[in-house]
């Protein structure tokens with residue numbers, strides 16, 4: 001009798017394990033999955049807000065363009081380039097939020113450093129360090145994760 005009860009208990013446990021619902025097909029989520037979904041939605045909202053800000057900034061740049069162009073020589077041109085780099089950096093941040101690759105994060109850093117080199121009035125040593133940082137980024141691109149930059 002005891003042997004029969006153990007056998008029926010063993011069969012019922014195996015049967016319940018075989019017919020256990022898959023996590024993918026049910027609406028039951030573990031807390032980590034819920035947090036992951038919420039953070040995904042927050043990223044989308046932030047990307048949308050950045051996109052709206054970029055559109056507003058682009059319109060302002062276009063409207064302000066004649067004033068900048070009429071400025072003294074290279075100062076106006078440098079200021080225009082700075083504004084355009086800011087918009088490009090914003091676009092790259094949106095790509096970074098949507099792709100989630102190390103390559104997209106490095107591209108954002110690369111554009112930020114390039115903007116600093118072109119627009120800022122830092123010392124020669126600052127610019128040398130910035131150029132060195134770009135060199136390090138290219139070394140990382142080449143030897144660390146080549147495939148993420150080719151997408």
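The values are calculated or read from the model by the stated rules, or taken from the named source; none is laboratory data. Bear in mind that the values here come from a model prediction, so they are computed numbers and not experimental data. Cβ: placed from backbone, ideal geometry, glycine included. Neighbour counts: every protein chain shown.
Confirm whether residue 68 is over 28 Å from residue 144 (Cβ atoms), surrounded by 11 or more Cβ atoms within 10 Å (Cβ to Cβ) and at pLDDT 90 or above. So residue 68 fails the test. Restricting 90, 135, 103 to those that are modelled with pLDDT of 90 or more, outside any loop (DSSP other than H, G, I, E, B) and within 13 Å of the chain's Cα centre (by Cα) reduces the list to 90. Of all residues in the stretch 44-62, those that are loosely packed, with under 11 Cβ neighbours inside 10 Å and more than 20 Å from the chain's Cα centre (by Cα) total 3.
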